[in-house]
Amino acid sequence: LAKTTQPISMDSYEGQEVNITCSHNNIATNDYITWYQQFPSQGPRFIIQGYKTKVTNEVASLFIPADRKSSTLSLPRVSLSDTAVYYCLVKSRNQGGKLIFGQGTELSVKP
Amino acid sequence: GAVVSQHPSWVICKSGTSVKIECRSLDFQATTMFWYRQFPKQSLMLMATSNEGSKATYEQGVEKDKFLINHASLTLSTLTVTSAHPEDSSFYICSARPLPQALQETQYFGPGTRLLVL
């Protein structure tokens, strides 16, 4: 099982770009990298998923280097409402696609 | 699309009673649903994998006789906390994975159920 490691917390200001890096050194060939956002007392919300290189959607970008041992979630121009916990997860066929959550990164956006 | 609901959103019960929590996929079918528990300021902990038409698979350390899971249809899974005690007070969250069950399929989470056992 590919364990993920990400910073416990990050601070930012409104309008800035935020990059959260996650390491997953033991990622397997067929594993996918997926990111979720969670607000207090709510279920996690899917943000983005990727396998390699770069993925972009209307919310964020995900950068994955060639060795896939890390990934970076990029949030452009954050606002106060982006204050949340962000989880990086690896989906593994060996684990039946189960999502095993790590500690996550608590992002605090200040005015 | 891809909405998962939970009912109730919160529940308060007396110690020793049982509580049932429902998880429904509203606009898609899911042969597999997952149940998580989350304590304050902690991450989500996977409790069990619920498979439609078969027995649930529990994670290590989770008592299957205490947390009864039933997945009776492709859109409904239930978690029953039996003989609840104050230490069972937590935030329970389910997720569902749409068919077809390819690895890259996104899992969608419900809004969670807050359980308080007095």
Residue in region B:62-83 that is within 14 Å of chain A (Cβ to nearest Cβ) and in a loop (DSSP other than H, G, I, E, B) present: yes
Of all residues making up region A:6-49, the number that are part of a strand (DSSP E or B), over 11 Å from A:Val90 (Cβ atoms) and either of a type in the set (Ser, Thr, Tyr) or over 10 Å from the mean Cα position of the chain (by Cα) (or both): 10
Scope region A:1-44; condition facing chain B (nearest Cβ under 10 Å) and surrounded by 15 or more Cβ atoms within 10 Å (Cβ to Cβ); matching residues: A:Asp31, A:Tyr32, A:Thr34, A:Tyr36, A:Gln38, A:Gln42, A:Gly43, A:Pro44
Where B:Leu44 falls short, out of the listed (1) surrounded by 15 or more Cβ atoms within 10 Å (Cβ to Cβ); (2) touching a helix residue (DSSP H, G or I) at 6+ places or on another chain (Cβ under 8 Å): (2)
The lone exception for B:Ala2 - which of (1) under 11 Å from B:Cys94 (Cβ atoms); (2) assigned to a loop (DSSP other than H, G, I, E, B) it fails: (1)
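Throughout, read-outs are computed from the coordinates displayed, never taken from laboratory work. Here the structure is a predicted model, which is why all the values come from computation and not from measurement. So basically every Cβ, Gly included, is an ideal-geometry build from the backbone, and we count neighbours across all protein chains shown.
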